[in-house]
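The values are calculated or read from the model by the stated rules, or taken from the named source; none is laboratory data. Only a predicted model underlies this, so the values are computations on that prediction, with no experimental measurement involved. FYI the Cβ positions are ideal-geometry reconstructions off the backbone, even for glycines, and counts take in every protein chain you see.
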Amino acid sequence: MKGIAWKDFRKGDQYYYVIQVNEIKGKREENRVKKYFKDWSMHGDGYDPSKKEVTLMFRKNFSSEDEWKSWARSFPHRLVEVGKSGKNKPYKLGLDYLNSPRRLRE
């Protein structure tokens, strides 16, 4: 599984982010993803019959970009954030952040 995220819009002091989780294989994995995102609202879904993979999209609001980054860094799978230009943001999120040798270990 891997995730792609982007800032959907900003309304006042709330930042709305969408995360798309790709390469979900099987019903068990799909249920695990839905359980992980239980406090997010379902934003869309898709299915690739050739690979038999499901794609799920979720949306949630955060009070700041720092709150979003904190959540995204703890995501237990690969995750990248895409900016408005379509390019990946330069900072590490998800497993890339958690496995980074430069990150301070607790």
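Here are a few things to note about the model shown:
- Flag if TYR91 is surrounded by 12 or more Cβ atoms within 10 Å (Cβ to Cβ) and in contact with a Ser or Thr (Cβ under 9 Å, 6 or more places away or on another chain): no
- Scanning segment 55-74 for residues that are hydroxyl-bearing (Ser, Thr, Tyr) and either surrounded by 17 or more Cβ atoms within 10 Å (Cβ to Cβ) or modelled with pLDDT under 80 (or both) yields nothing.
- Residues of segment 2-43 satisfying the condition of being within 24 Å of ASP96 (Cβ to Cβ) and among the basic types (Lys, Arg): LYS2, LYS7, LYS25, ARG32, LYS34, LYS35
- For segment 75-86, the candidate set comprises residues that are on the phi < 0 side of the Ramachandran plot and exposed (fewer than 10 other Cβ atoms within 10 Å of the Cβ); within that set, the residue that is modelled with the lowest pLDDT is SER85.
- Going through (1) surrounded by fewer than 11 Cβ atoms within 10 Å (Cβ to Cβ); (2) small (Gly, Ala, Ser); (3) touching a residue at least 12 places away in the same chain (Cβ under 8 Å) one by one, SER50 falls short only on (3).
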